[in-house]
Amino acid sequence: MASSVVSGRQLEKWEKEREDANRTEIPMPKAARDSFNSMQPNFNALAKFEKKLDRFTQRMEDKDSGVKTEAIVNVMSSTAGAGSGDFHTYRGFRKKENARIADFEAARKEDEARRAWEAEQAEREADVLAKRSKKAAKRARQKEKERERQQAEKRARGEASAAAGGAAAGEEGAGGGGGGGPAP
């Protein structure tokens, strides 16, 4: 879990935000889930909320127009002027910050490894498809070649039998048989 250089309250808030982001359904009261009529809008409450929101935005705009200061969370360090207990506090902050950075780095490396694996899988799949299509084309060529060879063989047999039949028919034709085919 990522830790930070902030208070425990802020850490709990961040953890709750992460849980809310991962939540797939919106929590709602049982009465609202059971009955659609309970979902009827309350326009008075809506108008009241809008007024409250307007006051809040006006207050924020007034606040933003003032001098801006940046809060410094870690004011102590291992420098002179720090009290004897401040170094241990500094060390704790530094440890939490380093753990947070290490968590970010681990998540980044994991994401990078996942992307590399997906790219490698896609490349392998493309190679397999290319080989598969190449082999299919080769099989089709071989099949066509075999068909042509069989047809050529058939034609050759037909021509040989026709030639043999024509020679025999010529002899029989003189004798008046006129069969036109090979003799049985």
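Points worth noting:
- Accessible surface of the range 80-146 [probe 1.4 Å, protein heavy atoms]: carbon and sulfur percent: 55 percent
- Per-pair calculated FRET efficiency, R0 = 45 Å: THR24 and ALA137 via Cβ, rounded to 0.05: 0.45
- Positive contributions from Lys and Arg (+1) and negative ones from Asp and Glu (-1), summed over other residues with Cβ under 15 Å from the Cβ of GLN151, come out at +2.
- Cross-link partners of LYS48 among lysines, defined as those whose alpha carbon lies under 30 angstrom from its own and excluding same-chain residues fewer than eight positions apart: LYS13, LYS16, LYS30, LYS63.
- Candidate aspartates and glutamates - alpha carbon under 17 Å from LYS52, same-chain residues fewer than 8 apart omitted: GLU61, ASP62
- Close amide H partners of VAL6, meaning residues 5 or more places away or on another chain with modelled amide H under 5 Å apart, do not exist here.
The values are calculated or read from the model by the stated rules, or taken from the named source; none is laboratory data. Being a predicted model, the structure only gives us computed values, none of them experimental. Heads up, the Cβs are rebuilt from the backbone with ideal geometry, glycines too, and the neighbour counts pull from every protein chain shown. The accessibility values were calculated without ligands, DNA or RNA, using every heavy atom of the protein model including side chains. Shrake-Rupley method; radii C 1.70, N 1.55, O 1.52, S 1.80 Å.
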